[in-house]
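This structure is in structure tokens; I'll ask about it shortly.
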Amino acid sequence: MITRTVRKNPRTTWGDLVNDLQRAGTKVTKATISNTLRRQGLKSCSARRVPLLKPVHVQAHLKFAREHLDDPEEDWENVIWSDETKIELFGKNSTKRVWRRKNAELHPKNTIPTVKHGGGNIMLWGCFSAKGPGRLIRLKERMNGAMYREILSDNLLPSARALKMKRGWVFQHDNDPKHTARATKEWLRKKHFKVLEWPSQSPYLNPIENLWRELKVCVAQRQPQNITALEEICMEEWAKIPATVGTNMVEYLEQAKSSRSCPFVLLLEDGMLCSQTFVVISGKAIETETALAAVDTCFKSFYVFDIQYTIKNS
């Protein structure tokens with residue numbers, strides 16, 4: 001009963017389980033509940049924050065996946081990926097672990113100082129391709145459509161030249177209103193830029209997110225003390241990113257394609273209810289919390305590189 005309840009509703013609390021069992025005439029402790037769930041491979045974790053996916057978003061994701069399922073490696077090598085990101089001066093850009101004794105968690109040696117709102121931040125725009133990183137610039141004011149078009153005018157084509165992109169290269173950006181504004185679309189059309197159609201609510205699909213993560217970790221390790229130093233360090237660390245980072249993305253896409261038959265979603269029913277959901281990729285089952293998450297994982301398995309899945313035996 002405990003396992004079935006938790007699998008049906010992962011947000012069930014300790015108190016809910018204790019009360020449900022008491023109403024059923026059984027008195028148990030939290031330790032008993034915890035041990036029972038751990039034996040089933042379940043443990044209490046913080047829920048991850050992810051974009052809200054409505055059915056229309058899932059359908060758009062699947063449409064994108066089907067349309068690009070058989071794209072050759074050369075096509076992905078010819079895409080320039082772009083995005084904006086915020087980097088905080090004293091933000092949570094990395095996690096530090098320390099060795100400490102019990103009740104010593106507040107000793108200065110065991111803490112990381114923080115300030116409200118990260119002590120200031122900078123906004124960056126950057127791009128990269130399979131051949132390496134392109135330009136990275138700081139946005140010194142709130143970006144609007146006109147400013148975005150100016151950024152593309154000054155940085156996109158020079159990045160394409162520096163990366164030696166082939167004729168007919170494709171530009172990727174997300175569905176931010178500044179990106180999809182009529183004036184921006186018209187500007188891209190006049191410049192004869194081919195734009196990759198992008199599904200909504202899919203920030204984790206863009207491989208540049210992996211690049212942002214690595215940049216933020218490297219910057220945090222250098223501990224900049226002011227905004228000027230933060231910008232300088234960002235530029236230095238971006239310049240250090242090897243071209244192989246982009247190459248790894250394309251190799252991952254090709255490997256994912258060649259090493260699998262089509263992935264599929266497996267639903268295990270308990271009576272009339274779906275008790276467990278899995279994505280089966282290359283013969284391995286990946287357990288997910290919901291059927292919607294299974295579809296999303298199936299989609300991401302092709303288009304996100306360096307992703308780490310927890311594989312469970314089924």
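The values are calculated or read from the model by the stated rules, or taken from the named source; none is laboratory data. Note that the structure is predicted; figures quoted are calculated from it, not measured. Don't worry about glycine lacking a Cβ; one is built from the backbone with ideal geometry, like all the others, and counts go over all protein chains shown. Calculation scope for accessible area: heavy atoms of the full protein, side chains included, ligands and nucleic acids excluded. Shrake-Rupley method; radii C 1.70, N 1.55, O 1.52, S 1.80 Å.
Inside the range 96-121, can you point out the residues that are more than 26 Å from residue 210 (Cβ to Cβ), modelled with pLDDT under 70 and among the β-branched types (Val, Ile, Thr)?
Passing the criteria: 98, 115.
What tally of residues in the range 201-218 results from selecting those that are surrounded by fewer than 14 Cβ atoms within 10 Å (Cβ to Cβ) and within 26 Å of residue 55 (Cα to Cα)?
1
Name the residues in the range 148-176 that are of a type outside the set (Ser, Thr, Tyr), in contact with a helix residue (DSSP H, G or I) (Cβ under 8 Å, 6 or more places away or on another chain) and farther than 22 Å from residue 243 by Cβ, would you?
Matches in the range 148-176: 149, 152, 174.
The rows are residues; the columns are (1) at pLDDT 80 or above; (2) of a type outside the set (A, V, I, L, M, F, W, C); (3) surrounded by 11 or more Cβ atoms within 10 Å (Cβ to Cβ).
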residue: 21; (1), (2), (3): no, no, yes
residue: 41; (1), (2), (3): no, yes, no
residue: 48; (1), (2), (3): no, yes, no
residue: 60; (1), (2), (3): yes, no, yes
residue: 71; (1), (2), (3): yes, yes, yes
residue: 78; (1), (2), (3): yes, yes, yes
residue: 81; (1), (2), (3): yes, no, yes
residue: 86; (1), (2), (3): yes, yes, yes
residue: 89; (1), (2), (3): yes, no, yes
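Could we say that residue 124 is at pLDDT 95 or above, under 23 Å from the mean Cα position of the chain (by Cα) and crowded, with 17+ Cβ neighbours inside 10 Å here?
yes
Ok, one more. Filter the range 236-256 for residues that are surrounded by 15 or more Cβ atoms within 10 Å (Cβ to Cβ) and modelled with pLDDT of 85 or more and give the result.
Residues satisfying the conditions are 237, 238, 241.
Within the range 140-200, which helices (runs of 4 or more DSSP H) (wholly inside it) include 3 or more residues that are farther than 25 Å from residue 67 by Cα and open to solvent by less than 50 Å² (accessible area, probe 1.4 Å)?
145-162
Same structure again: Against the conditions (1) surrounded by 14 or more Cβ atoms within 10 Å (Cβ to Cβ); (2) at pLDDT below 75; (3) part of a helix (DSSP H, G or I), where does residue 93 fall short? Just the number, please.
(3)
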